[in-house]
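In what follows, a structure is listed as structure tokens, so that the remarks can point back to it.
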Amino acid sequence: MYNNWEELEEACKNCKKCKLCSNRTNVVIGTGNKNAKLMFIGEGPGADEDREGIPFVGKAGKLMNMAFQGIGINREEVYIANIVKCRPPANRNPEKDEADACLDYLRSQVMLVQPKIIVLLGSVALKNILGEEYGITASRGKWIEKKQIKYMPTWHPAALLRDENKKMDFWKDLKEVKKYMDSLM
Ligand code: URA
């Protein structure tokens with residue numbers, strides 16, 4: 001675990017703990033407010049994120065930004081990261097050894113940011129953070145509280161691009177998150 005950002009970022013940039021390091025352009029560590037109450041965890045960088053070194057800047061990210069705007073969540077106020085920090089080839093799901101190798105960095109990020117709420121975007125985030133026993137279809141939209149953090153699993157924004165019907169759920173889940181955020185102020 002890393003207890004300061006400098007060491008964490010340096011370690012990520014030089015990381016060779018798994019095979020994903022061999023094809024990366026950039027390590028995509030995270031973006032946003034390092035003191036955020038609200039954190040989002042996705043799966044892993046795609047081609048756009050790998051090129052820019054910033055999470056959720058591609059198509060899925062643009063859709064997420066639109067939802068943020070509509071609901072009144074300010075992207076600069078939240079912190080966004082992924083399960084793995086390097087792009088899996090052809091956007092496949094991260095493999096277990098890759099996620100396991102990377103998880104220590106994400107845990108350090110959570111410890112440093114100290115969010116009150118974490119939105120888990122899709123099955124990969126849900127299973128790696130809360131456990132294999134959780135399924136996204138059954139869990140989405142329901143709060144799960146662990147160690148004083150409230151988790152909200154929802155669809156991954158890329159799933160909304162494939163299935164329009166999921167958009168309503170996604171909006172509903174983010175509205176619920178926003179409502180709880182506002183109640184904390
Ligand atoms: N999908 C993810 O899971 N993360 C990103 O950063 C971009 C797309």
| Hz values of 3J(HN,Hα) by residue in segment 11-26 - Karplus curve (6.51, -1.76, 1.60), Gly and Pro given as x | 5, 5, 4, 9, 5, 9, 6, 9, 5, 5, 5, 6, 10, 7, 8, 9
| Other-chain or far-sequence residues with amide H under 5 Å of residue 40's (modelled H) | 79, 80, 81, 119
| task | Would you grab the residues whose amide H sits under 5 Å from the one on residue 151? Only those 5+ places off in sequence or on another chain, please, with H modelled 1.01 Å from N. | result | 118, 144, 145, 146
| field | Note, ³J(HN,Hα) from phi for segment 95-112, Karplus 6.51, -1.76, 1.60, rounded to Hz, x at Gly and Pro | value | 7, 4, 5, 6, 5, 4, 5, 8, 4, 4, 5, 5, 4, 5, 4, 5, 5, 6
| field | Within the chain, helix-based [θ] at 222 nm, where runs of 4 or more DSSP H residues each add -39,500 (n - 2.57), nearest 500 | value | -13000 deg cm²/dmol
| Once Lys and Arg get +1 and Asp and Glu get -1 on their Cβ, which of 54, 108, 181 lies farthest toward the positive end of the dipole of the chain? | 181
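Mind running the shape call on segment 22-161? Use the C-alpha gyration tensor, a ≥ b ≥ c as the square roots of the eigenvalues: rounded below 1.5 for a/c, prolate if a/b tops b/c, oblate otherwise. Let's see the in-between values first.
Details: a/c = 1.29, a/b = 1.14, b/c = 1.13.
It comes out rounded by the Cα gyration axes.
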| remark: From most to least accessible, 1.4 Å probe, no ligand or DNA/RNA atoms counted, 107, 51, 87 line up as 51, 107, 87
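Given segment 10-144, what percent of its DSSP beta bridges are antiparallel, to the nearest 5? Present the calculation step by step, with values, prior to reporting the outcome.
Details: 2 of 10 bridges.
Roughly 20 percent of the DSSP beta bridges within segment 10-144 come out antiparallel.
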| Whole-percent carbon and sulfur share, accessible surface of segment 1-63, 1.4 Å | 44
| request: Of the options 74, 44, 89, report the single residue whose Cα projects farthest towards the positive end of the charge dipole of the chain (beta-carbon charges: Lys, Arg +1; Asp, Glu -1). | output: 74
| query | How big is the gap, in Å, between the Cα center of segment 114-185 and the Cα center of segment 12-56? | reply | 20
| query | How much length, in nm to one decimal, is gained on full extension between residue 23 and residue 114, taken as 0.36 nm per residue of separation minus their Cα-Cα distance? | reply | 29.6 nm
| Point-to-point label distance, residue 34-residue 132, nm (Cα→Cβ direction, 7 Å offset) | 3.6
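The values are calculated or read from the model by the stated rules, or taken from the named source; none is laboratory data. Bear in mind that the values here come from a model prediction, so they are computed numbers and not experimental data. Every residue, glycine as well, gets a Cβ built from its backbone with ideal geometry; the counts of neighbours run over all protein chains shown. Heavy atoms of the whole protein, side chains included, go into the accessibility calculation; ligands, DNA and RNA do not. Shrake-Rupley method; radii C 1.70, N 1.55, O 1.52, S 1.80 Å.
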